1. So is Val300 touching a helix residue (DSSP H, G or I) at 6+ places or on another chain (Cβ under 6 Å) and either farther than 26 Å from Val343 by Cα or within 11 Å of the ligand (Cβ to nearest atom) (or both) or not?
2. Taking region 168-187 on its own, how many of its residues are away from the ligand (no atom under 13 Å from the Cβ) and out of contact with any strand residue (DSSP E or B) (no Cβ under 8 Å at 6 or more places or on another chain)?
3. Within region 325-334, can one find any residue that is within 21 Å of the chain's Cα centre (by Cα), outside any loop (DSSP other than H, G, I, E, B), away from the ligand (no atom under 16 Å from the Cβ) and more than 26 Å from Glu408 (Cβ to Cβ)?
4. Residues that are crowded, with 18+ Cβ neighbours inside 10 Å: find the helices (runs of 4 or more DSSP H) completely inside region 1-116 holding 3 or more of those.
5. Of everything in region 417-468 that's within 11 Å of the ligand (Cβ to nearest atom) and either part of a strand (DSSP E or B) or of a type in the set (S, T, N, Q) (or both), which residue is nearest to Thr265 (Cα to Cα)?
6. Which residue out of Leu60, Leu94 is within 30 Å of Ser132 (Cα to Cα) and modelled with pLDDT of 95 or more?
7. Give just the number: which of (1) more than 16 Å from the ligand (Cβ to nearest atom); (2) in a helix (DSSP H, G or I); (3) of a type in the set (Ser, Thr, Tyr) does Ser143 not satisfy?
Amino acid sequence: MAEVRTPTRDGIPDEILVGGEWVTGTGPVLESIDPANGEPVARIRSAGPADVDRAVAAGLTASADPSWRDRPPHQRARILARMADLIERYSDDLARLQTRDTGKTLAETTALVASAAGTFRFFAGSCETFESEVTPSRGQYLSMSVHEPIGVVAAINPWNSPIASDAQKVAPALAAGNSVVLKPAEWTPLVSLALGRIATEAGLPAGLLSVLPGSGSEIGDALVRHPDVGKVSFTGGTSTGRAIGRVAAEKIMPVALELGGKSPTIVFDDADVEHAVAGILYGIFSSSGQSCVAGSRIFVDQRMYTDVLDRLVEATRALRVGSGTEPGVQVGPLVHHEHRDRVAQLVERARTEGGRVHCGGRIPDDPSLGAGAYYLPTIIDGLTNSAATCQEEIFGPVAVVLPFTDEEELVREANDTVYGLACGIWTSDYRRALRVARRIEAGTVWINTYKQLSVATPFSGVKESGLGTEKGRAGIRAYTRQKSLYFGLNEDPLPWAG
Ligand code: NAP
């Protein structure tokens, strides 16, 4: 079994996983920065185009090898279950590493690591229980529908929740019998590389998982265009997703796109306001707002608007902002200083649009946070839903509050966005909750809760929030090709043209 060097034991080696070997990448150096203090965490020579070719070639060979292709599913399941066990064994290291790489709080990264282990275990179960179907026949034959692996899957992920989003793609793709080339975001390559080491230690045959940190425009694009990549599973921004979709269309290749959002959260006049305020804050400010499902547009019934706004502002001012490693901190830094500056610019634009900034709206003045990529949780109102601030994803700790007077207007405005990822509804009237939930254009609607996610429940976006579904019992199917088989049962030859 290959040696595993976990981040705390040997430091972070400057190696990437290409076709089963740990090698020095042939691309430029990437520097991972701890956004809590701006200090470098690691320098990694990233993948170059030659590494893409090697990883895909190895993936093709490994996925076609009968020792993997024909391995009984319950034996594939054992490897996935071992990966789950190892993720749990190294969970403290993995959570700390991800906190240093992304800035998220340890509580958040610990939960993401646990979710990644759960995802591997869930898809190990899928391996064991995944069935083909015998379909109703209309003649003298036995007909079946079977699901087969695609071959090489490229998994391309953003920087906001690497280990969980890696698991969401790698586990079902391997479970279905594919190989995977994983490309993490340039800003956050470390935890994906650690996952590669875990796969090696778990005994995953060489070549079935490569991890290629590198730029999206070069390495990501080369993977998408590679003729031997049979599917791309992408999570990231809508404009990148659209560009990948165009290439996929040229190749006639299946593609899954999990994209951006501008999700509405709705507070009706009969809501439990204490629960609603807590849920809204968690929905927008956890992960410092860098969450695709962040509830960033908050619609409040006009009759209680001032009361809810005041409570939101007061509770937001009380949030603890600081380093993700400090106990009790709720809002860590943003992933990178560049991203923090972009969020700050978007808040300035909200001001020029006429938005009233009730709290936050600036970098904290605490000198101990001066070197980090911090931005204070921000609440804005005074805008209409058509303002750019209400239409464009900010992907930071910024919420806009909007009043509504009746249900029709509310549903129209909540749906008046190019996105359709998530929605929150706070009400004690379950008839109304169901009625509105069914009319909202979104892949997920939470009622009297927010941002609860289970690997057992399908996840997807509609409109410009995505294409395809991840997770759930059918999640493994997304990484297969369907084939129909007919077994003739005729005692006599087939009649010619008759
Ligand atoms: P991004 O800029 O679209 O990047 C996502 C990934 O794609 C990164 O690994 C990036 O590489 C790579 N990439 C960039 N250009 C590419 C190209 N031409 N071909 C192939 N790959 C390319 O998104 P981000 O800023 O990292 O992430 C934030 C976005 O992700 C937000 O919009 C958020 O809503 C969305 N998101 C969606 C979900 C969901 O499930 N719906 C979940 C999480 C995040 P580099 O970064 O290395 O350049």
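The values are calculated or read from the model by the stated rules, or taken from the named source; none is laboratory data. What you see is a predicted model, and the numbers here were worked out from it, not measured in a lab. Reconstructed Cβ throughout: ideal geometry from the backbone, glycine too, with neighbour counts over all protein chains shown.
1. Values: touching a helix residue (DSSP H, G or I) at 6+ places or on another chain (Cβ under 6 Å): yes; either farther than 26 Å from Val343 by Cα or within 11 Å of the ligand (Cβ to nearest atom) (or both): no.
Considered against the rule, which asks whether it is touching a helix residue (DSSP H, G or I) at 6+ places or on another chain (Cβ under 6 Å) and either farther than 26 Å from Val343 by Cα or within 11 Å of the ligand (Cβ to nearest atom) (or both), Val300 comes out as no.
2. Count: 2.
3. First pass over region 325-334, keeping only residues within 21 Å of the chain's Cα centre (by Cα): 330-334.
Cutting the leftovers down to outside any loop (DSSP other than H, G, I, E, B) gives us 331.
Still in the running and away from the ligand (no atom under 16 Å from the Cβ): 331.
Then drop every residue that is not more than 26 Å from Glu408 (Cβ to Cβ), which leaves 331.
Looking for residues that are within 21 Å of the chain's Cα centre (by Cα), outside any loop (DSSP other than H, G, I, E, B), away from the ligand (no atom under 16 Å from the Cβ) and more than 26 Å from Glu408 (Cβ to Cβ), one finds at least one in region 325-334, hence yes.
4. Details: elements: 7-10, 49-64, 66-69, 73-89, 91-102.
The qualifying helices (runs of 4 or more DSSP H) are 49-64, 73-89, 91-102.
5. Going through the qualifying residues, I end up with Ala422.
6. On the way: Leu94 fails: within 30 Å of Ser132 (Cα to Cα).
After applying the criteria, what remains is Leu60.
7. (2)
Rundown of residues vs (1) assigned by TED's automatic domain parsing to the domain that holds Leu467; (2) surrounded by 21 or more Cβ atoms within 10 Å (Cβ to Cβ); (3) polar (S, T, N, Q), yes/no style:
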{"position": "Glu353", "(1), (2), (3)": "no, no, no"}
{"position": "Thr384", "(1), (2), (3)": "no, no, yes"}
{"position": "Cys390", "(1), (2), (3)": "no, yes, no"}
{"position": "Ala414", "(1), (2), (3)": "no, yes, no"}
